[in-house]
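What follows is a single structure, written as structure tokens, with notes after it.
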Amino acid sequence: MTLVKFNNGLKNNAVGPFFNDVFDSILNDSFIGDKLVARVPAVNIAENENEFHIELASPGLKKEDFKINLDKNVLTVSAERKSENVEEGKKFSKREYSYNSFTRSFTLPESADHSKIEADYTDGILKLTVAKKEEAKFQSREIAVK
């Protein structure tokens, strides 16, 4: 199901309502908006009893493109990729440059062990594993009823 925005007649324009509708649909197109949102990779964050898991969906990059820093409690992941396409033709030359970059920062909780952070990049997904401190791990025990 698709929602379509119609002009309800509130705009008075001498050019006509059709002219406004055409430009509204072009300028407010979801294709343009999706391009702006897609610059930052989607993230999944999970926790189990021993560690935190952070997964960033970033296909098309190489391991060398990533830069991961830890400053106090802030874990920052950034990547930059530069590419250049050159096409030579009969009477023309065309060059296109492309620069893609992003930065994501995560504030780690006090229970995170900063000395045990690992990163792995496989199949377009950057997986970060942050271990928990021993005293922060969940401890389960049975409590007797008196």
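Hey, among S115, S98, S111, S83, which residue is open to solvent by 80 Å² or more (accessible area, probe 1.4 Å) and either at pLDDT 90 or above or among the small types (G, A, S) (or both)?
Values: S98 fails: open to solvent by 80 Å² or more (accessible area, probe 1.4 Å); S111 fails: open to solvent by 80 Å² or more (accessible area, probe 1.4 Å); S83 fails: open to solvent by 80 Å² or more (accessible area, probe 1.4 Å).
That would be S115, the only listed residue that is open to solvent by 80 Å² or more (accessible area, probe 1.4 Å) and either at pLDDT 90 or above or among the small types (G, A, S) (or both).
Among the residues of region 118-146, just one is under 24 Å from the mean Cα position of the chain (by Cα) and either within 13 Å of N73 (Cα to Cα) or modelled with pLDDT under 90 (or both), namely V130.
The values are calculated or read from the model by the stated rules, or taken from the named source; none is laboratory data. Please read these numbers as outputs of a predicted model, since none were measured by experiment. Ligands, DNA and RNA are stripped out before the accessible areas are found, and what is left, the full protein with its side chains, is counted by its heavy atoms. Shrake-Rupley method; radii C 1.70, N 1.55, O 1.52, S 1.80 Å.
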